[in-house]
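Enquirer: There's a structure below that I have some questions on.
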Amino acid sequence: MFRERTHASSKCAVAVVAASTVIIAACAAPATTRVIEVTKEVVVTAAPGAGAIDPNAKFQLTYLNICFPSSMAVTDLMLAAFGAKYPNVDVKVDCAQGDYAEGVFAQAAAGNLPDVIFSADLFTVPFVNAGVLLDLEQFDKADDSFSFDDIYPNILALGQVPGKPGTYMIPASWDSVQMYYNKDLFEKSGAPVPTDEWTWDDLIAACKIVQEKNPGVYCVANGGTEGWDWWAYFIPWIVGHGGYPVSEDFKTSTFSSPESLAGIQAYVDLWTKHKVTIPIGEQLPSGRDGCFIAGKCATYFMIPGLMKTFREKITDFTWDVVQMPALPKKRVTGMGTYGYGISKDSKNPQAAWELIKFLASPTGQRLSLTNYIGVPFLKSMANDPVYERLQPPPQNIQAFLKGGEIGIFPPNGYPPKCGSLYAGLINQTIRTALEESIRGVKTVEQAFKDADAEIQSCLDTAQ
Amino acid sequence: MRHSRLYWHETIQGYAFIMPVVLGLILFVFGPMIASLYISFTEYSILQAPVWVGLRNYVDMFTRAPLRVMHSLWVTVIYAACSVPLILVTALGAALLLNQKLRGMRYFRTALYIPTVVPLVATVFVWGWLLNPSLGLVNATLKLLGLPPGTWLSEPNTALPTLILLSVWGIGGSMVVFLAGLQGIPESLYEAAKIDGANEWRTFWYITLPQLSPTIFFLLITGIISAFQYFAPAFILTRGGPLFATYFYNLNLYEKAFRWQFMGLASAMAWLLFIIIIALTYILFRSSDAWVHYEVKR
């Protein structure tokens with residue numbers, strides 16, 4: 001099920017660290033390099049309070065990752081820092097293949113989960129409900145060098161489940177969805193260039209100019225076969241119109257409240273009225289990332305983790321980032337991130353903690369930023385001088401910082417039997433209602449009244 | 001009656017030889033089947049112990065619309081009803097053509113059989129590209145010919161018919177079986193018909209088809225079974241969409257088991273599928289006396 005990834009072993013990582021004398025963030029990685037900048041600072045600051053592990057003990061720590069570019073880069077940073085501190089510990093990294101959650105559940109059932117496992121906001125509820133992950137707060141409390149209190153609560157919430165105490169994931173970054181845009185395309189089309197102050201009306205008006213001047217270009221890289229049903233895209237439209245999809249006690253589904261319907265209608269209008277998105281069902285040759293990279297999509301709403309990829313792959317146009325455009329009631333966006341947790345089957349949980357906590361250290365956060373794979377989520381780093389030393393693109397990386405403050409996390413207190421916005425009945429119902437609305441099979445009101453009834457029926461029986 | 005030492009020796013040897021198969025069947029077929037039967041009466045999510053719920057999963061399959069069990073069964077029935085005859089007819093047609101005594105026929109046979117040995121997943125991906133509405137070769141060709149482009153897998157009303165059409169791509173196996181059946185028909189029957197003045201159509205209708213009826217019977221049963229087990233192309237190309245137009249029964253079963261963690265329901269769905277396939281096979285066997293002709297009376 002899993003393929004072993006060839007990675008720099010901890011020994012190699014140590015060598016990299018030892019060989020590196022570059023001062024952190026003095027220079028950002030050039031746009032074309034894939035080298036992760038690891039500095040001596042890692043050795044100095046990594047895990048000063050790790051008293052529970054014998055530094056001379058020899059054992060293996062197992063680590064299951066989903067190996068996409070930014071997660072591999074983050075992993076390399078963790079391995080380097082950990083390897084510097086514990087050179088005798090061998091870290092074996094596996095890259096998950098196929099359906100990730102399915103593989104984790106199978107390993108959990110067999111009782112042989114690796115020590116550290118990749119997680120993400122979409123996995124938090126199912127993994128925690130299934131008891132796959134350990135609560136990290138016990139490690140936090142026992143560790144003087146670390147504190148969850150310095151992390152912005154909205155990003156930490158992506159590793160928590162309402163009604164269940166504990167935090168189950170250290171996030172990789174302060175990931176909020178903001179707007180990447182192709183600056184050249186806007187300028188050459190004679191359309192105004194996006195700013196942090198834009199509203200959706202501003203963007204839609206500019207999009208019409210861009211699409212008119214550039215046939216074959218989609219202004220908003222949302223639609224096709226994926227993405228359009230991601231909660232981080234459409235729930236902010238509901239919230240930005242004053243609604244919310246469910247009551248606070250998760251007993252009443254409110255997708256069809258007037259405010260929610262107004263928000264969903266405005267979201268659906270992007271396809272049906274304004275036609276500034278990728279038509280539903282359209283199969284893009286290399287996905288939405290590829291559409292933006294190829295200059296065929298003018299904007300792309302995504303988390304900061306793509307900065308590194310775009311810096312490496314986009315060479316023929318200028319791009320930047322701005323905050324998510326404002327909606328009538330407020331400017332709001334979705335938070336979505338991946339991160340790492342410790343499995344219930346971990347044989348060396350303390351060592352696993354030492355490995356993953358590096359992510360949330362100031363050093364880890366700075367390295368993540370200077371390698372353009374994440375944005376710091378430590379409150380104490382809000383005005384860190386490291387930002388001034390970054391080289392564009394993006395010019396406006398602050399959009400991710402300011403944008404993080406307007407980020408919301410998904411309503412994830414639904415009863416497990418009803419699923420969530422990511423999976424199960426609720427996901428299926430909402431996806432269906434959205435698709436019916438966009439395809440014009442039903443009106444938004446019809447589709448979401450039906451959806452509400454379906455969800456409500458589950459909520460009523462599952463309470 | 002006392003048995004000789006040799007008898008017992010051979011008997012023990014016989015059982016020893018079949019033991020791996022018997023053990024394999026018990027451990028890897030009957031064991032899981034019994035386990036899944038038990039699980040079908042429980043609520044079970046792999047990581048928690050199963051909770052007995054009686055017939056609830058079976059009732060839910062028929063009564064809870066959001067589970068879409070009946071819908072997915074209907075999609076599968078339509079697929080089976082259309083694809084099985086289509087495959088049989090095209091495979092038979094291809095076999096009749098390839099049964100001609102012409103030069104180079106072995107190359108044509110190879111060419112038509114090749115798609116069967118290409119890995120299914122690779123084939124499905126290639127078809128996905130070919131049928132891409134805006135970038136695919138199929139629509140580009142239609143455009144060149146001045147014909148309107150197809151929406152293929154991207155619209156609810158064309159997605160299932162497209163998958164039915166794609167099923168023809170895999171006729172190689174059936175075609176070879178038909179070819180073997182055709183070559184097993186005694187030449188004397190055709191000669192007699194020719195002497196009696198039968199034309200091509202009557203020869204086909206009164207000799208070829210009846211003589212092929214055991215082959216058709218075999219392919220019909222295996223075709224129906226595989227149609228009801230349809231999964232990979234829908235999983236890869238459409239994920240059941242758009243709007244559940246290609247939400248096949250096994251895709252639904254897979255999602256309920258591994259995405260929704262409803263193992264009990266998924267097991268119940270598996271048993272319903274098993275019962276449906278057994279029932280259809282039984283009906284076909286019962287009806288075979290009326291239309292399947294064997295050279296030797298059974």
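The values are calculated or read from the model by the stated rules, or taken from the named source; none is laboratory data. Predicted model, so just to flag it, every value in this text is computed and none were measured. Neighbour counts run over all protein chains shown; Cβ positions are idealised from the backbone, glycine included. For the accessible areas, the whole protein counts, side chains as well, though only heavy atoms, and no ligand, DNA or RNA atoms are used. Shrake-Rupley method; radii C 1.70, N 1.55, O 1.52, S 1.80 Å.
Enquirer: Inside 10 Å of the C-beta atoms of B:251-261, what's the mean count of C-beta atoms belonging to other chains?
Expert: 4
Enquirer: Mind checking which lysines have their C-alpha under 24 Å from A:Lys188, skipping anything on the same chain fewer than 8 residues away?
Expert: Partners within reach: A:Lys208, A:Lys213, A:Lys275, A:Lys296, A:Lys313.
Enquirer: Which residue, chosen from B:Ser174, A:Thr333, A:Trp271, occupies the Cα position most advanced towards the positive end of the dipole of the protein assembly as shown, where the dipole is computed from +1 (Lys, Arg) and -1 (Asp, Glu) charges on Cβ about the Cα centre?
Expert: Selected residue: B:Ser174.
Enquirer: Work out Dmax and Rg for the protein assembly as shown from the C-alpha atoms and quote the Rg first, both in angstrom.
Expert: Answer for the protein assembly as shown, Rg first and Dmax second: 30.6, 104 Å.
Enquirer: What do you get for the angle between helix A:200-213 and the principal long axis of chain A? Use alpha-carbon atoms, 0 to 90 degrees, nearest ten.
Expert: Around 80 degrees separate the two axes.
Enquirer: Enumerate the calculated ³J(HN,Hα) couplings along segment A:387-395 in order (Karplus 6.51 cos²θ - 1.76 cosθ + 1.60, θ = phi - 60°), each rounded to whole Hz, writing x wherever the residue is Gly or Pro.
Expert: Ordered by residue, 3J(HN,Hα) equals 4, 6, 8, 6, 9, x, x, x, 5 Hz.
Enquirer: With a length cut of 20 Å (Cα positions projected on each helix's long axis) and a Kyte-Doolittle mean of at least 1.0, go through chain B and give me the DSSP H helices that pass.
Expert: B:69-98, B:209-228, B:263-291
Enquirer: Which of the aspartates and glutamates could be linked to A:Lys379 by a straight reach, that is with a Cα gap under 16 Å, when you skip same-chain ones fewer than 8 residues away?
Expert: Within reach: A:Asp149, A:Asp150, A:Asp175, A:Glu405.
Enquirer: Step by step: find N for segment B:42-146, compute 2.2 N^0.38 Å, then divide the Cα radius of gyration by it. What's the final number?
Expert: Against the empirical 2.2 N^0.38 Å value, I get 1.75 for segment B:42-146.
Enquirer: Let me make sure I get this right: for segment B:60-291, a, b and c are the square roots of the gyration tensor eigenvalues over alpha carbons, sorted descending. Under 1.5 in a/c it's rounded, otherwise prolate if a/b > b/c, else oblate. Which is it?
Expert: Judged from the Cα gyration tensor, segment B:60-291 comes out oblate (a/c at least 1.5, b/c at or above a/b).
Enquirer: May I pose another question? Return the aspartates and glutamates within reach of A:Lys85: Cα separation strictly under 13 angstrom, same-chain partners fewer than 8 residues apart disregarded; answer none if there are no such residues.
Expert: A:Glu41, A:Asp54, A:Glu354
Enquirer: For a quick check: with amide H placed at 1.01 Å from N, whose amide H comes under 5 Å from A:Val91's, ignoring anything fewer than 5 positions away on the same chain?
Expert: Amide H neighbours of A:Val91, under 5 Å, 5+ apart: A:Ser10, A:Leu61.
Enquirer: Could I ask something else about it? Total accessible area buried between chains B and A, 1.4 Å probe, in Å² to the nearest 100?
Expert: 2200
Enquirer: Starting from the amide H of A:Gly334, placed 1.01 Å from N in the peptide plane, find each other amide H under 5 Å away whose residue is 5 or more places distant or on another chain.
Expert: The list, which skips near neighbours in sequence, is A:Val177, A:Ile408.
Enquirer: Also, I was wondering about something else. Where both residues lie in the protein assembly as shown, what percent of DSSP beta bridges are antiparallel, nearest 5?
Expert: 60
Enquirer: Another question, then. Which percent of the accessible area of segment B:60-291 is formed by carbon and sulfur heavy atoms (probe 1.4 angstrom)?
Expert: 70
Enquirer: Enumerate the calculated ³J(HN,Hα) couplings along segment B:240-247 in order (Karplus 6.51 cos²θ - 1.76 cosθ + 1.60, θ = phi - 60°), each rounded to whole Hz, writing x wherever the residue is Gly or Pro.
Expert: x, x, x, 6, 6, 5, 10, 7
Enquirer: Then there is this: Between their Cα atoms, which of A:Lys251/A:Lys357; B:Lys101/B:Lys194; A:Lys58/A:Lys308; A:Lys58/A:Lys344 are more than 29 Å away from each other?
Expert: Distance filter (> 29 Å) returns A:Lys251/A:Lys357; A:Lys58/A:Lys308.
Enquirer: Once you charge only the Cβ atoms, +1 for Lys and Arg and -1 for Asp and Glu, what is the size of the charge dipole of chain B about its Cα centre, to the nearest 20 debye?
Expert: It works out to roughly 240 debye.
Enquirer: Could you work out the local net charge near A:Pro376, counting Lys and Arg as +1, Asp and Glu as -1, over the other residues with Cβ closer than 12 Å to its Cβ?
Expert: Taking every Cβ under 12 Å from that of A:Pro376, the sum is -1.
Enquirer: What percent do you get for the relative contact order of chain A when only Cα pairs under 8 Å and 6+ apart count?
Expert: 24
Enquirer: Can you give the direction-averaged projected area of the convex hull of the alpha-carbon atoms in segment A:109-164, in nm²?
Expert: Projected over every direction and averaged, the Cα hull of segment A:109-164 covers 4.7 nm².
Enquirer: Hey, what angle do you get for helix A:424-439 against the long axis of chain A, alpha-carbon based, 0 to 90 degrees rounded to 10?
Expert: It is inclined by approximately 40 degrees.
Enquirer: So how strong a dipole does the protein assembly as shown carry about its Cα centre when Lys and Arg Cβ are +1 and Asp and Glu Cβ are -1, to the nearest 20 debye?
Expert: Dipole about the Cα centre, nearest 20: 1980 debye.
Enquirer: Report relative contact order for chain B in percent, whole number only (criteria: Cα-Cα under 8 Å, sequence separation at least 6).
Expert: 27
Enquirer: Return the average number of partner chain Cβ atoms within 10 angstrom of each residue Cβ along peptide A:279-285.
Expert: Mean partner-chain Cβ count within 10 Å for A:279-285: 6.
Enquirer: What number do you get for segment B:102-238 when its Cα radius of gyration is normalised by 2.2 N^0.38 Å, N = residues?
Expert: 1.36
Enquirer: For a quick check: with amide H placed at 1.01 Å from N, whose amide H comes under 5 Å from A:Asn396's, ignoring anything fewer than 5 positions away on the same chain?
Expert: So A:Asn396 has HN proximity to A:Val321.
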